[in-house]
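The values are calculated or read from the model by the stated rules, or taken from the named source; none is laboratory data. These numbers come from a predicted model, not from an experiment. Quick reminder, even Gly has a Cβ in these numbers, built from the backbone with ideal geometry, and neighbours come from all protein chains shown.
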Ligand SMILES: [Zn+2]
């Protein structure tokens, strides 16, 4: 049976006053992903919580001689935050990193759930990630 579209996405779009055209199918995978507009905040919070737990566990198990350094152990950091730290610009400039990441990302297909945002402004779609 064909889905009429995800009810959670529909509610989120209606709350934002956006069109409900092209809703994703309401599948188990969809509603448990950050791609579901109605569940994205919850799914991302769970994701971040799990990563924090993993970072803490890996850090606790780290041997004293290890050369690994956990750069986001105390808090989440995006690329802009990391590149404010002294050691990162020594590796490469943030601009070089963004250009290389964009070179790779443009080869990846855009998800159907992100097409509207991508088509609106393809340039900022990639720039906003950093
Ligand atoms: Zn959804």
Which one is farthest from residue 116 (Cα to Cα) among residues in region 18-31 that are free of Cβ contacts under 8 Å to residues at least 60 places away in the same chain, part of a loop (DSSP other than H, G, I, E, B) and within 12 Å of the ligand (Cβ to nearest atom)? 27
Which one of the conditions (1) in a helix (DSSP H, G or I); (2) surrounded by 13 or more Cβ atoms within 10 Å (Cβ to Cβ) does residue 51 fail to meet, given that it meets all the rest? (2)
Looking at (1) modelled with pLDDT of 85 or more; (2) within 21 Å of residue 10 (Cβ to Cβ); (3) not assigned by TED's automatic domain parsing to the domain that holds residue 8, find the lone condition where residue 114 falls short. (1)
Just to check your reading of the model, which residue among 15, 45, 34, 60 is modelled with pLDDT of 85 or more, within 15 Å of the chain's Cα centre (by Cα) and part of a helix (DSSP H, G or I)? 45
Residues of region 75-100 satisfying the condition of being farther than 26 Å from residue 59 by Cβ and in a helix (DSSP H, G or I): 95, 96, 98, 99, 100
